[in-house]
1. How many angstrom lie between the Cα centre of region 302-319 and the Cα centre of region 233-273?
2. Compute the projected area of the convex hull of the Cα atoms of region 207-249, averaged over all viewing directions, and report it in nm² to one decimal place.
3. Calculate the FRET efficiency for Glu281 and Ser121 from the Cβ-Cβ distance with a Förster distance of 35 Å, rounded to the nearest 0.05.
4. Enumerate the amide H contacts of Asp143 below 5 Å, restricted to partners 5 or more residues apart or on another chain; note that Pro and chain-start residues carry no placed amide H.
5. Which entries of Lys56/Lys147; Lys55/Lys268; Lys222/Lys290; Lys55/Lys147 show an alpha-carbon separation above 32 angstrom in the structure shown?
6. Give me the distance in nm between label points sitting 7 Å out from Cα along the Cα-to-Cβ direction at Tyr198 and Thr215, one decimal.
7. Can you list residues whose amide H is under 5 Å from Glu155's amide H, if they're 5+ apart or on another chain and H is modeled 1.01 Å from N?
8. Could you calculate the FRET efficiency of Ser174 with Thr228 from 1/(1 + (r/R0)^6), where r is the beta carbon distance between them and R0 is 25 Å, rounded to 0.05?
Amino acid sequence: MTSVFFECHISFSSAGLESDESCEGLSEASFKDAQGIDSSSQKNNGSVPQENGIKKHRTSLPAPMFSRNNISVWSILKKCIGLELSKITMPIAFNEPLSFLQRITEYMEHTYLINRTSSMSDSIERMRAVAAFAVSAVASQWDRTGKPFNPLLGETYELIREDQDFRIVSEQVSHHPPVSAFHAESLAGDFVFHGSIYPKLKFWGKSVEAEPKGTITLELLKHREAYTWSNPNCCVHNVILGKLWIEQYGTVEIVNHSTGDKCVLNFKPCGMFGKELHKVEGYIQDKSKKKLAVIYGKWTECMWSVDPQAYEVHKKSEKKGDNKKQKNVRTLLPPAGC
């Protein structure tokens, strides 16, 4: 049994197939954390002085987001229905104090999942870890309703994290259409992670839809494997009235070009009553299209990997209203160690 999952913004449920309830917790780091950093530590681009040779990084932005309640969004956007947001001058209240190049680096928040693949001898175990990493890349978008600033053509952003064993540099390589490229690598030489993103945005009256065109590639150098996938669609609801909330939906296919294995993940739309909100469900198959594992969970919490037969038994019992607990039918996705 392997236990592997990614750690997100909130606590995780220890329940298995018999429970799929959300856990309580905070969606973002409290602003009090930023206030706790004194003015003397705001030098060197906001980083905290070193302790024992280890550089500490901030865990929250230095300023809170202000309210959008006093802004008449409809007066600005009523003439923009169906147009791409890249061609619309948006009020600054829609932005958060980050550029899109900085947001890209959040892909690396759960890099430990990739670091652990070097010690995995089984290709299916590696696919589980890569699938968890691909889902975790969109987890930071939960409750992030602000729009990042558009980078200038040729603008770059570099981040080096010795404590997480990676470096990443991103660059704005095109202005129209806006295309951002990034390249990350392990400091130990275990992996290379790169790709380009063309976030095609559209305004549909009550919502803003983002279609993240572009291919992402992960190379595991020790195993000589290359994985590719694209991110799911993202939609921000209630941009005119009501509480803003984010939905991820669409199909993500992760392909191992060396072995022919494939992982198909379905980010489910929330539906009429929100029953499927944040849910992800999929499977791993080999090159002969035989299902080897089922993956399910929520992109805001964690992912689970189970045996396909055990999952089918659970789904049938769930339809029959059988609430009895089933033991030894699930494994968590690569060990989180939280």
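The values are calculated or read from the model by the stated rules, or taken from the named source; none is laboratory data. Nothing here was measured: the structure is a model prediction, and the numbers come from that model. Here Cβ is always computed from backbone atoms with ideal geometry, including for glycine, and neighbour counts include all displayed protein chains. Note: areas computed on protein heavy atoms with side chains; ligands, DNA, RNA excluded. Shrake-Rupley method; radii C 1.70, N 1.55, O 1.52, S 1.80 Å.
1. Spelled out, the Cα-based centre of one part sits 21 Å from the other.
2. Working: hull surface 15.0 nm².
Average projection, Cα convex hull of region 207-249: 3.8 nm².
3. Working: r = 27 Å, r/R0 = 0.78.
The pair Glu281/Ser121 has a calculated efficiency of 0.80.
4. Ile246
5. On the way: Lys56/Lys147 27 Å; Lys55/Lys268 40 Å; Lys222/Lys290 26 Å; Lys55/Lys147 29 Å.
Over 32 Å Cα-Cα: Lys55/Lys268.
6. Result: 1.3 nm between the two label points.
7. Gln172
8. Numbers: r = 20 Å, r/R0 = 0.82.
Plugging the Cβ-Cβ distance into 1/(1 + (r/R0)^6) gives 0.75.
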